[in-house]
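A quick write-up on the structure given underneath.
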Amino acid sequence: MKTTKIIGMILLIVGIFSTFIGAQKISENSAKIKALGIELDVSNEKEQNEGVVYIIGGIILLLSGAYTIGKK
């Protein structure tokens, strides 16, 4: 197996992991509380923004890994 294929696989694995971690960060830090007819948004925007960065980085890694594996 060529070195570029191994690097491509590593990029794919890290990209999947990063995207998963980003999705977890976003879902864990968003919450709404409804009390007495009033809905309050008690989300942590800093952690949500960090999750978005993880997802974007993961997508970039996935695309670069797929490109690396696919090129001849």
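The values are calculated or read from the model by the stated rules, or taken from the named source; none is laboratory data. Computed from a predicted structure; not experimentally measured. Every residue, glycine among them, receives a Cβ derived from its backbone with ideal geometry; neighbour counts consider all protein chains shown. For accessibility, only protein heavy atoms count, side chains too; no ligands or nucleic acids. Shrake-Rupley method; radii C 1.70, N 1.55, O 1.52, S 1.80 Å.
Values for this structure:
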| read-out | value |
| --- | --- |
| Tabulated pairs, the stretch 10-31, first open to solvent by 50 Å² or more (accessible area, probe 1.4 Å), second of a type in the set (D, E, K, R), C-beta under 7 angstrom, 6+ apart or interchain | none |
| Test for K2: is it open to solvent by 90 Å² or more (accessible area, probe 1.4 Å), of a type in the set (D, E, K, R) and at pLDDT below 85 | no |
| In the stretch 48-60, residue nearest to I16 (Cα to Cα) [restricted to those that are open to solvent by 50 Å² or more (accessible area, probe 1.4 Å) and either among the aromatic types (F, W, Y) or in contact with a Gly (Cβ under 9 Å, 6 or more places away or on another chain) (or both)] | I59 |
